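The next block holds one structure in the form of structure tokens; read it before the comments.
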Amino acid sequence: RSYIERAGRVEGGYAAPRARERLRVLEQGDEVFAFNRAPTSEQRAIVEKSTGVLKLRQLTTIAAREYQMAEYYDWRAKQPAGSENASPDAEQEKRMATEGFANAKRYAREALDLASSLAGNGVGEAAFDGHITYGLAVLREGNRKGAVEQLQAAAKLPTRDRPIIGQWASG
């Protein structure tokens, strides 16, 4: 933080707007880190207090997490009894999977609705993630046409203005 502030002062007026933007991204990163470390039970309350792009990113994060966990529960529920990965309670895992897929779809839809009212850095990337998660959820429900529509909507979003190096790429 101090290096960015100093660089903004040293390079004069030209670098000051870029330094402010870098500080904003850094602060948002701190908020995202805190959100990701919060217990799952508290995340919805955090989302409700958030606004703008930060809220959008939080919603897409929750949607993706719900979907991934639902996939895991669904897979566990389908493992044959007596196998190494068999679930001790397949019916409970099926219920958890069903609930997770519904939650993922709901959060992704909420994110997409919010994204349509926002502009600026991070909106396109978060909306992309929202379209992908929503598309996976509707595909799982058997709606192939809806899934393709979501993929096409994601493909129309602008690309990042710079590559992200060293971060995990979204599914």
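Any residue in segment 97-108 that is of a type outside the set (Lys, Arg) and over 19 Å from THR40 (Cα atoms)?
Initial filter on segment 97-108 (of a type outside the set (Lys, Arg)): 97-104, 107-108.
Filter once more, so that each one left must be over 19 Å from THR40 (Cα atoms): none.
Within segment 97-108 (the criterion being of a type outside the set (Lys, Arg) and over 19 Å from THR40 (Cα atoms)), the answer is no, since none of the residues qualifies.
Sort out which residues of segment 113-134 are surrounded by fewer than 22 Cβ atoms within 10 Å (Cβ to Cβ) and touching a residue at least 12 places away in the same chain (Cβ under 8 Å), and write them in order of number. Please lay out each step first, then the result.
Filtering segment 113-134 for residues surrounded by fewer than 22 Cβ atoms within 10 Å (Cβ to Cβ) gives 113-114, 116-125, 128.
Within segment 113-134, LEU114, LEU118, GLY120, ASN121, GLY122, VAL123, GLY124, GLU125, PHE128 meet the criteria.
Can you name the helices (runs of 4 or more DSSP H) wholly within segment 29-127 that have at least 2 residues being closer than 17 Å to GLU141 by Cα and of a type in the set (D, E, K, R)? Step through it out loud before you land on a result.
Details: elements: 40-49, 52-77, 90-115.
The helices (runs of 4 or more DSSP H) meeting that bar are 52-77, 90-115.
Among the residues of segment 68-79, is any of a type in the set (Asp, Glu) and buried (at least 19 other Cβ atoms within 10 Å of the Cβ)?
no
Every read-out reported here was derived from the displayed coordinates using simple, explicitly stated rules and does not represent laboratory data. If you're wondering where the values come from, they're calculated on a predicted model, not measured in any experiment. Here the Cβ is made from the backbone with ideal geometry for all residues, glycine too, and neighbour counts use every protein chain on show.
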